1. Could you list, in sequence order, all residues of region 63-79 that are in a helix (DSSP H, G or I) and charged (D, E, K, R)?
2. From the list 44, 81, exactly one residue is within 30 Å of residue 17 (Cβ to Cβ) and at pLDDT 85 or above. Which is it?
3. For region 13-35, which positions are of a type in the set (S, T, N, Q) and part of a helix (DSSP H, G or I)?
4. Are any residues in region 36-62 surrounded by 11 or more Cβ atoms within 10 Å (Cβ to Cβ) and assigned to a helix (DSSP H, G or I), and if so, which ones?
5. Do any residues in region 80-100 that are on the phi < 0 side of the Ramachandran plot and part of a loop (DSSP other than H, G, I, E, B) have Cβ atoms under 8 Å from those of residues that are surrounded by fewer than 10 Cβ atoms within 10 Å (Cβ to Cβ) and modelled with pLDDT under 90, where the two are at least six apart or on different chains, and which pairs are they?
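The values are calculated or read from the model by the stated rules, or taken from the named source; none is laboratory data. In this text, all values refer to a predicted model and were calculated from it rather than measured experimentally. Don't worry about glycine lacking a Cβ; one is built from the backbone with ideal geometry, like all the others, and counts go over all protein chains shown.
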Amino acid sequence: MTTCCTTYYTYNMLKTYLYIPEQLEKRIKLTAETQKKSKAEIIRQALEKGISAVAQQGTVSARALLKIAEVGEKYKPKGPRDLSANLDKYLWGINKNSNE
């Protein structure tokens, strides 16, 4: 009796070729052997985690800005109406038109 092991994917797989450094190939191979998985599976897992991390990088700064805006809404800080136009004046005491 012959046993056949086949992996079925719940989504379509696309074949992609890429060039990787030799050291990375060695790390992939070692990880695959250690975890008893195919190199393709290790690469897919690494890409999935990596893409998720990269995608979050852009949203972290946006979330930080939204939190700052929430603090502003909550405490309603007061300041000069021309602050953005005269930032140097308020920070350093330097007028734009002065040569001091």
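1. Result: 63, 67, 70, 73, 74.
2. 44
3. Within region 13-35, 23, 31, 34, 35 qualify.
4. Hits for region 36-62 are 39, 40, 41, 42, 43, 44, 45, 46, 47.
5. Going by the 8 Å Cβ cut-off, the qualifying pairs are 86/96; 94/100.
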